[in-house]
Amino acid sequence: MDNIFQDFTAESELFKDKEVLHPTYNSTYLPHRTKQIKILAAALSPALKGEKPSNVFIHGGQGIGKTATVKYVCTELEAMCKKIGRKCTIVYINGEIFDTQYRVFAYLARVFNKRVPMIGWPTDMVYSEFKAAIDTEERCVIVIIDDADKLAHKGDEALYILSRINSELTNAKLSVVCISGDSAFMELQEPEVRSALCEKEILFLPYDTYQLIDILEDRAKKAFNASQLGDAVIPLCAEFAVQEQGDVRYALDLLRVAAEIADRTKSKKLTQEHVRLAKEQIEEHWIAEVVNTLPLQSKILLNAIIILIKATAKRYLFSGEVYATYQKICAELSIEALTQRRVTDLISELDILGLLTAKVINRGRYGRTKEISLIVPVESIQLALTGETTLEPAASIKVESESGIVWG
């Protein structure tokens with residue numbers, strides 16, 4: 001028997017450099033972000049003269065170039081500071097990982113060669129170590145906090161402290177660049193924090209179809225061998241990405257996965273059909289990720305919705321019939337059913353996650369109810385629930401449709 005990896009050793013006929021299609025690829029070509037680049041460069045330029053740069057708040061949707069722009073500008077700033085002999089240190093922090101002030105200050109202290117444990121010390125002691133480390137000489141420190149809203153939700157004192165640290169420094173000067181996909185989060189901060197962190201505010205708007213086409217064409221030239229892309233492939237990727245709020249990462253994923261499918265099937269050319277297959281594959285993966293992280297009660301609720309859809313062949317379901325089927329499944333599984341009010345809350349959570357829509361309607365003398373409809377394929381939900389062995393007994397549930405058909 002041949003080695004199972006034998007087929008993967010052959011050179012790709014499509015790909016020249018797959019890495020350029022990954023979101024982590026650091027591109028020096030950032031079209032349609034010239035305005036934001038110039039504003040950020042101006043805000044950080046005082047570092048070239050040994051002065052304190054402005055604190056900057058950068059916000060906008062996901063996958064629209066915020067982090068790429070910041071990293072590009074900061075790389076350019078570091079290069080210029082080195083060229084003219086200015087001391088400038090730029091530190092990148094992911095607020096989803098370093099989500100407490102202790103973790104933030106411990107990491108920053110370590111960057112400046114302080115032996116600080118990631119747990120165990122009083123927070124003020126860790127902060128003092130970091131402050132002492134950066135103030136040993138004249139220098140500019142720029143702290144970039146990506147996903148700053150995640151940090152703010154758990155430890156917003158870190159943002160407050162960093163915004164006021166300069167009053168405690170003798171030699172160093174520190175600035176903060178906050179990046180967030182939640183444009184509203186800064187409005188929830190205390191006025192003095194908001195004022196300090198928003199000395200300069202930069203909004204990133206979603207890419208439109210034509211802008212996405214420009215970006216994808218540039219990456220495609222580097223990623224693929226010549227003349228192997230169908231003419232409509234990139235416009236279709238861009239069109240699908242616009243439906244996802246102009247997310248360039250989604251567009252790049254579509255193009256990469258489509259090419260991987262074409263490569264696997266030994267296709268000579270990348271076509272629209274490969275893009276459509278890639279879209280299905282990405283959506284199935286996303287659905288599986290979301291469903292797998294749901295609590296058991298939400299999975300039971302989804303199972304009830306699927307059973308009803310198959311039994312009634314209806315596109316829209318009412319919350320009352322969903323709750324009745326949910327109760328049947330709970331009884332079959334010997335699990336205590338939640339109250340109808342709590343199940344209504346779970347339905348709203350599934351709506352927010354993008355698995356279904358639920359809108360309140362008035363049924364006259366029957367009162368108000370929620371009209372529920374899945375917005376992802378039933379098959380994808382079923383596939384995602386396949387590994388949940390707890391739900392297996394629910395397969396025997398019988399539901400009678402209005403036409404008298406019994407399903408189960």
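The values are calculated or read from the model by the stated rules, or taken from the named source; none is laboratory data. For clarity, every value in this text was computed on a predicted model and none was experimentally measured. Every residue, glycine as well, gets a Cβ built from its backbone with ideal geometry; the counts of neighbours run over all protein chains shown.
Key figures
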item: Test result for residue 83, assigned by TED's automatic domain parsing to the domain that holds residue 148 and either within 28 Å of residue 253 (Cα to Cα) or of a type outside the set (A, V, I, L, M) (or both); result: yes
item: Among the residues listed as 398, 359, the single one being modelled with pLDDT of 85 or more and of a type in the set (D, E, K, R); result: 359
item: Identity of the residue in region 138-152, at pLDDT below 90 and more than 11 Å from residue 189 (Cβ to Cβ), that ends up surrounded by the fewest Cβ atoms within 10 Å (Cβ to Cβ); result: 150
item: Residue 63 being in contact with an Asp or Glu (Cβ under 7 Å, 6 or more places away or on another chain) and on the phi < 0 side of the Ramachandran plot; result: no
item: Odd one out for residue 125 among (1) farther than 25 Å from residue 20 by Cα; (2) surrounded by fewer than 18 Cβ atoms within 10 Å (Cβ to Cβ); (3) in contact (Cβ under 8 Å) with a residue 24 or more places away in the chain; result: (3)
item: Condition met for residue 180 (modelled with pLDDT of 90 or more, surrounded by fewer than 20 Cβ atoms within 10 Å (Cβ to Cβ) and in the same structural domain as residue 60 (by TED's automatic domain parsing)); result: no
item: Filtered residues of region 21-55 (kept if acidic (Asp, Glu) and free of Cβ contacts under 8 Å to residues at least 24 places away in the same chain); result: none
item: Filter result for residue 388 (out of contact with any Ser or Thr (no Cβ under 9 Å at 6 or more places or on another chain), among the charged types (D, E, K, R) and closer than 30 Å to residue 279 by Cβ); result: yes
item: Residue in region 201-219 that is among the basic types (Lys, Arg), at negative phi and either surrounded by fewer than 18 Cβ atoms within 10 Å (Cβ to Cβ) or not assigned by TED's automatic domain parsing to the domain that holds residue 249 (or both) present; result: no
item: Region 187-219, residues that are in contact with a strand residue (DSSP E or B) (Cβ under 6 Å, 6 or more places away or on another chain) and either among the charged types (D, E, K, R) or assigned to a helix (DSSP H, G or I) (or both); result: 197, 200, 201
item: Within region 308-355, considering residues that are of a type in the set (A, V, I, L, M, F, W, C) and touching a Ser or Thr at 6+ places or on another chain (Cβ under 6 Å), the one farthest from residue 288 (Cα to Cα); result: 318
item: Residue among 165, 261 that is assigned to a helix (DSSP H, G or I), in the same structural domain as residue 93 (by TED's automatic domain parsing) and surrounded by fewer than 22 Cβ atoms within 10 Å (Cβ to Cβ); result: 165
item: Candidate set from region 227-258 (those that are of a type in the set (Val, Ile, Thr) and surrounded by fewer than 22 Cβ atoms within 10 Å (Cβ to Cβ)); member that is nearest to the chain's Cα centre (by Cα); result: 242
item: One residue from 106, 132, 152 being closer than 26 Å to residue 48 by Cα and in the same structural domain as residue 48 (by TED's automatic domain parsing); result: 132
item: Residue identified as of a type in the set (S, T, N, Q), more than 18 Å from residue 161 (Cα to Cα) and part of a helix (DSSP H, G or I) among 75, 136, 89; result: 75
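Residues are listed down the side, and each one gets a yes or a no for (1) under 24 Å from the mean Cα position of the chain (by Cα); (2) buried (at least 20 other Cβ atoms within 10 Å of the Cβ); (3) not polar (S, T, N, Q):
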{"residue": "79", "(1), (2), (3)": "no, no, yes"}
{"residue": "84", "(1), (2), (3)": "no, no, yes"}
{"residue": "88", "(1), (2), (3)": "no, yes, yes"}
{"residue": "99", "(1), (2), (3)": "yes, no, yes"}
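Residues checked against (1) under 22 Å from the mean Cα position of the chain (by Cα); (2) under 15 Å from residue 145 (Cα atoms); (3) assigned by TED's automatic domain parsing to the domain that holds residue 166; (4) part of a loop (DSSP other than H, G, I, E, B):
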| site | (1), (2), (3), (4) |
| --- | --- |
| 27 | yes, no, no, yes |
| 39 | no, no, yes, no |
| 42 | no, no, yes, no |
| 45 | no, no, yes, no |
| 51 | no, no, yes, yes |
| 54 | no, yes, yes, yes |
| 59 | yes, yes, yes, no |
| 63 | yes, no, yes, yes |
| 67 | yes, yes, yes, no |
